[in-house]
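What follows is a set of notes on a single structure, which appears directly below.
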Amino acid sequence: MSSFFIKKKGNAKTDENAVAKKRKVAAASGKSRGALKKVLNEEISSESETEGPPVNKKSKAEDEYLEETAQEKKLRLAKLYLDQLRAEEEKTAEDGSCETDVIAGRLQEEVLEQRGKLQRLVAQDYLVPDAADLRLLRGHKLPVTCLVVSPDDKFIFSASKDCSIIKWDVESGRKLRTVPGGRKGTEDRHVGHTAHILCMAISSDGKYLATGDMNKLIMIWEATTCKHLYKFTGHRDAVSGLSFRKGTHDLYSASHDRSIKVWNVDENAYVETMFGHQDVITGLDSLSRERCVTAGGRDQTVRVWKIAEESQLVFHGHEGSIDCIQLINEEHMISGADDGSLALWSVNKKKPLCTVKRAHGCHGDEGLEQPYWISAVTALHNTDAVASGSHNSKVQLWRCGEGYRSLQPLFSIPVVGFVNSLKFSNSGNFLVAGVGQEHRLGRWWRIKEAKNGLYIIPLKKRDSEPEQSSTNGE
């Protein structure tokens, strides 16, 4: 990585006059910085990371803690975090006397979550939804290829082979904003995509939306208004996977060019590229650690990329092309392949903890049966609930066993068409399926009776005891 991304540390013992002088200079140069920001090209390429000088973006809040030591900063942040937890629990706790116990429980869950050991047992409480309760949102002209749910569960963003992006209101089902797709050859004048959109991601604070297309482009949008902000170039083939690192604005991207790239959206900057897969990358996911996981298509590998160490772990288990992958927690993940199999993995073991073959059944004439491809998987983070989709007119819900060593089917939900994308809401109260008449990556089959759109599937829970959690060791 070039020196462009290395910030020099100042002398902690700078005298007050020097600090005051620095603040005056910063204030005087405020206007020039604004002008510089407009002049900077909004399109950043991974091949030109050292073109411009680094821009100092220190805020007034940072200036206040200029002389703060590392230890003092840790202590201050810890106090702020405890105050935040206490404030949250005061709103929900009925009995003020149990405040300390509640905060201790929250802290313990936070630790287990970071270690990838948290497994809330919620799947067994889900009730089979009534088909009449399913809602279909229609607006895309061609098959839906990807979707995300906003962190507050109020909005859904979807994209399609028609190159458009739609922002939906979950409660009413109305379209709030639409970014129309453009025709091929209009890239220079059209604001938006002009090729099939294959993937999208939203930052954990709901600020940024990222989309990637068949035309090698990544576009960054303001999630609130769907205003276009940046365009990232550098991949040499279709962009097939995007994920923001939780709690940051670091963006990971995967492509059919077999590479992984890291971007800093706040700085509109390319960071680095990593290689390893032997075939096109079909899926990518990440959580809060500085790492991401990928599915390598026909190289039949799942890989865990350690960004800081610039290293990777390679996992084998599927017999077909691995088309989708999702992290369940920091230590476990689920993947699906075109051989019809689902696999549960631990980052500590090179082989699957559990494999379900022909998870969605088979189709074809007797003696020539072929398994239904697994086209989408999703997981409710830090729980035992996962879901998978195919083109057998069903979305299947599953329950992970203790330690993620088994996978039991719970129930299926009727959804006609190719399930190209699946996402749980963050609360676990609903599941969204992006459906189309065709597979998101090709046109091998066409299901004429399918409707291109989004299905919102409500997930109601039976009245039961407070949800339990399990820790899992390997």
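The values are calculated or read from the model by the stated rules, or taken from the named source; none is laboratory data. None of these values were measured; they are calculated from a predicted model. Every residue, glycine as well, gets a Cβ built from its backbone with ideal geometry; the counts of neighbours run over all protein chains shown. The protein model used for the area step is the full one, side chains on, heavy atoms only, and it has no ligands, DNA or RNA in it. Shrake-Rupley method; radii C 1.70, N 1.55, O 1.52, S 1.80 Å.
List of remarks:
- Label separation (Cys362 vs Arg446): 2.9 nm, computed from points 7 Å beyond Cα along the C-beta direction.
- Across the alpha-carbon set of the range 273-317, the Rg to Rh ratio works out to 0.94, Rh being the Kirkwood radius.
- Semi-axis lengths (Å, descending) of the ellipsoid that matches the C-alpha gyration tensor of the range 405-466: 28, 13, 11
- Out of every Cα-Cα pair that the range 204-305 contains, those further apart than 22 angstrom amount to 23 percent.
- Probing with 1.4 Å while keeping every protein chain in the model, the per residue accessible area of the range 243-334 equals 30 Å².
- Charge dipole (debye, nearest 20) of the range 117-193; +1 at Cβ of Lys and Arg, -1 at Cβ of Asp and Glu: 380
- Of all accessible heavy-atom area on the range 181-220, the percent that carbon and sulfur account for (1.4 Å): 46
- Stretchable slack from Asp152 to Thr224, in nm (0.36 nm times residue separation minus alpha-carbon distance): 24.7 nm
- Computed lengthening from Arg236 to Lys351, 0.36 nm per intervening residue step minus Cα-Cα distance: 38.3 nm
- Residue-level accessible surface for Arg462, protein heavy atoms, 1.4 Å, Å²: 110
- Linear extension gain, Gln278 paired with Arg138, 0.36 nm per residue minus alpha-carbon span: 46.6 nm
- Restraint check, Lys351/Lys461; Lys207/Lys306; Lys261/Lys394, Cα-Cα greater than 31 Å: Lys351/Lys461; Lys261/Lys394
- All-pairs alpha carbon distance profile, the range 254-397, 5 Å steps from 0, percent: 2, 10, 19, 22, 19, 13, 8, 4, 2, 1, 0, 0
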